[in-house]
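K.L.:
I am attaching a structure below and will ask some questions about it afterwards.
The values are calculated or read from the model by the stated rules, or taken from the named source; none is laboratory data. Here the structure is a predicted model, which is why all the values come from computation and not from measurement. Heads up, the Cβs are rebuilt from the backbone with ideal geometry, glycines too, and the neighbour counts pull from every protein chain shown.
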Protein chains: 2
Amino acid sequence: MQIGDLSRQSGVNIETIRYYERIGILPKPARQSNGRRSYGPADADRLGFIRHARDLGFDLSSVRVLLALQEQPEASCDDASRIAQDQLEAVESRIARLTKLREELRRMVSECSRGRVAECRVIETLVPPTTGSSGPHAAYDKRPQYLPAMPRQLSRNS
Amino acid sequence: MQIGDLSRQSGVNIETIRYYERIGILPKPARQSNGRRSYGPADADRLGFIRHARDLGFDLSSVRVLLALQEQPEASCDDASRIAQDQLEAVESRIARLTKLREELRRMVSECSRGRVAECRVIETLVPPTTGSSGPHAAYDKRPQYLPAMPRQLSRNS
DNA sequence: CTACAACCTGTAGCGACTACAGGAGCAATA
DNA sequence: TATTGCTCCTGTAGTCGCTACAGGTTGTAG
């Protein structure tokens, strides 16, 4: 089986498969006489495992650990269980955060009356309430302090 | 106001502020005689706007559009509303996806009896069901086909 | 005078891919 | 046989949104 077949079978991009090989999460496969990669069913299994774990939101370092564990059937599965629990907690906190965002976005959208930007709730919601500077180049006064607020990383990582 | 003050006031990292300037989402500020950046309240407003939008999960290209709109109070706010709606939909689909993940993870975790890896549900759940190859280096037979399954990007982007 | 904090520029790193340039090999068709 | 066109190869750079660091200058307090 060559890389294209494996890609179709697993649903994992060819470039991603080569990337996985490069970072050592997939073993270097045998090569055909023409230099092309040759995969067997064990590789397909491993890749399927990786894909499923990635779909569940595990990052690649967790996947590495899970793969290593999988190959030691006699070891205790405490580590695996711990990783899964951590992942569950991470997913739960993402859901909580996104749910709050959803509410704020719903409010924004539902209150927008589709008129001019000047009275648009979407824009208005985003303008910080602290300074009263109106217009593009106002330079009035300074004001209190922002609070630390929510952690950054949302759209990318969570 | 210099960059450190702006950073404290807005809760945005100094490095991030300079990054925003580099990519042109914040204008190049005036400089003091010693070369240090000098900000006014308009900058603080703009940064506050950006931060809030980022907290709501808008990516920087959307933020750019929203900022541009904000500066044209007479324009129609359809674009802003559209962007917010798209974001709302994206958030809703992320929530839906994460909710499914949560269920699968809960099942994994709750069914793990904390014994050996060999009978660990966490690991077992991840092993693809298609090929029967057991053990690290088995090389049995080939099997049907995976379906396209779920879209990739989860932990990073969604 | 000496610390030390705060700032400066420029560049590289993160995670997990994705894309592309520039080439080789191979099968089917004209 | 030549050509087209697909799949594969390597190596490198780009994506997003930061964050970190090296190596320097400036400003302030003790």
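K.L.:
Could you say whether any residue in the range A:55-69 is more than 7 Å from chain B (Cβ to nearest Cβ) and within 29 Å of B:Ala53 (Cα to Cα)?
P.N.:
Going through the range A:55-69, the residues more than 7 Å from chain B (Cβ to nearest Cβ) turn out to be A:58, A:60-65, A:67-68.
With within 29 Å of B:Ala53 (Cα to Cα) added as a condition, the list becomes A:58.
Yes, that holds for at least one residue.
K.L.:
Can you give me the ranges of the helices (runs of 4 or more DSSP H) entirely in the range B:1-81 with at least 2 residues that are surrounded by fewer than 17 Cβ atoms within 10 Å (Cβ to Cβ)?
P.N.:
B:3-10, B:14-22, B:60-70
K.L.:
Something else about it: Consider B:Ser10 carefully, then state whether it is within 11 Å of chain A (Cβ to nearest Cβ) and more than 11 Å from DNA strand D (Cβ to nearest atom). Steps first, answer last, please.
P.N.:
On the way: within 11 Å of chain A (Cβ to nearest Cβ): yes; more than 11 Å from DNA strand D (Cβ to nearest atom): yes.
Here the answer is yes, as B:Ser10 does meet what is asked.
K.L.:
If the Cβ limit is 9 Å and pairs must be 6+ apart or interchain, which residue in the range B:19-45 that is outside the structural domain of B:Gln9 (by TED's automatic domain parsing) pairs with which residue that is among the hydroxyl-bearing types (Ser, Thr, Tyr)?
P.N.:
none
K.L.:
Just for the range B:33-54: of the residues that are farther than 28 Å from A:Arg107 by Cα and more than 7 Å from DNA strand D (Cβ to nearest atom), which one is nearest to the other protein chains (Cβ to nearest Cβ)? Walk me through how you get there before you give the answer.
P.N.:
Taking the range B:33-54 first, the residues farther than 28 Å from A:Arg107 by Cα are B:33-40.
Restricting the remaining residues to those that are more than 7 Å from DNA strand D (Cβ to nearest atom) gives B:36-40.
On the way: B:Arg36: 17, B:Arg37: 15, B:Ser38: 11, B:Tyr39: 10, B:Gly40: 5 Å.
Among those residues, the one meeting the criterion is B:Gly40.
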